[in-house]
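Heads up: the structure comes next, in structure tokens.
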Amino acid sequence: MKDILTLQLYTRVARLGSFSAAGREAGLAQSQVSRMIAELEASLGVRLLARTTRAVVPTEAGLEFLARMEPILAALEDAENSVREAGELRGRLRVGMPATMGIRVIIPRLSAFAERHPQLHVELLLDDTWQDMVRDAVDVGIRVGNLPDATGTSRIIGRMHRVVVAAPAYLARHGTPEHPDDLRSHRIVGGPAAGRASSWQFQRDGDTVTLDVTPHISTNDTEGALAAATAGLGITSTTSWACRRELESGALNRLLQGWRTADLPVHAYLPSGRTARLAARTFVNFLADALRVDGVTTS
């Protein structure tokens, strides 16, 4: 079996789809990386990577090897991190989260964590669709809303309010809804936060109104939904953290403020079948503290 560096390089080539990208991370030339992977394949007697002029992708055997090797390498990193007296983490931590939350909430608050652990490579997977955490080797998933399954380990690190917003220009043309039922006559912009549920629910003084909505414009990206609403294309429902910038600038107005909408739990989710890594637990604790101190999860 080849040394740990070769195995680490293989996992990075397989994930990045590039010898040169993996080489840049490790400070090695592309030719060195290619040669080391070729030697690994020769020692195993199997082709791990399919090479074309456009891409490098794992073969079926390569995917199996990747799935088995990444937890082993992660365990080695964990063993080293657990005995470092300074408490500084090293290695790699993969975190999946909604794109807008990552850009607007989490990344701006990571500087203290990065300074505390300068040798830890935090890889942020920003996507409004939920990653396959086992397939993509995600150590921590940040999830907004109810979890579709309970096969992993999760911790609620905060709650977000859902709000209904529209641009002043749209309201000037179409009027401002005073009651949830008024939304039936308005154009709706559907995004990930609005589109997971089939209806919007409002409560006030013991009165509950459930409104089935059919978007006139929809997108799978929260930023796209906010851009559409800001452009005056309709009314959208999202979380307060997602549109805080637009509300503060006046680009969007919050509607139906006398009505309460359901809070959404924010989970830190660890996949099933994998031991929670020290780096993952440390990151989750840091993030929960940062969100609580800044009050992000309560407004």
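Just so it is clear, none of the values below were taken in a lab; they were calculated from the coordinates. Keep in mind that this is a model prediction, so the values were computed, not measured. Because the Cβ atoms are built from the backbone with ideal geometry, glycine has one as well, and the counts that use them run over all protein chains shown.
The calculated FRET efficiency for Thr153 paired with Arg173, based on their beta-carbon distance and R0 = 45 Å, is about 0.40. Taking all C-alpha pairs of segment 1-68, those more than 21 Å from each other amount to 11 percent. Helices in the chain, meaning DSSP H runs of at least 4 residues, each add -39500 (n - 2.57). Divided by all residues, the mean residue ellipticity at 222 nm is -11000 deg cm²/dmol. For the pair Asp182 and Thr53, the difference between a 0.36 nm per residue extended length and the Cα-Cα distance amounts to 40.8 nm. Shape analysis of segment 1-117 yields a ratio of the Cα radius of gyration to the Kirkwood radius, Rg/Rh, of 1.02. A Förster radius of 22 Å combined with the Cβ-Cβ distance from Glu115 to Leu16 puts the calculated FRET efficiency at roughly 0.25. Globularity index of segment 159-264 is 0.95 (Cα radius of gyration / 2.2 N^0.38 Å, N = number of residues). Assuming charge only on the beta carbon of Lys and Arg (+1) and of Asp and Glu (-1), the dipole of segment 159-264 about its Cα centre is about 140 debye to the nearest 20.
Working note: Cα atoms of the chain, range along each principal axis, descending, whole Å: 70, 46, 34.
If R0 is 41 Å, the Cβ-Cβ spacing of Thr214 and Glu123 corresponds to a FRET efficiency of close to 0.60. The value of relative contact order for segment 1-68, using C-alpha pairs under 8 Å at least six residues apart, is 30 percent. For the pair Glu64 and Ala231 in one chain, pulling the backbone fully straight at 0.36 nm per residue adds 55.4 nm over the alpha carbon distance. Assigning unit charges at the beta carbon (Lys, Arg +1; Asp, Glu -1) and nothing else, what dipole magnitude in debye, to the nearest 20, does the chain show about its Cα centre? Dipole about the Cα centre, nearest 20: 280 debye.
Over the chain, Cα pairs under 8 Å with separation of 6+ residues give a relative contact order of 21 percent. Fully extending the segment from Ile4 to Ala26 would add 6.7 nm, taking 0.36 nm per residue of separation and subtracting the current Cα-Cα distance.
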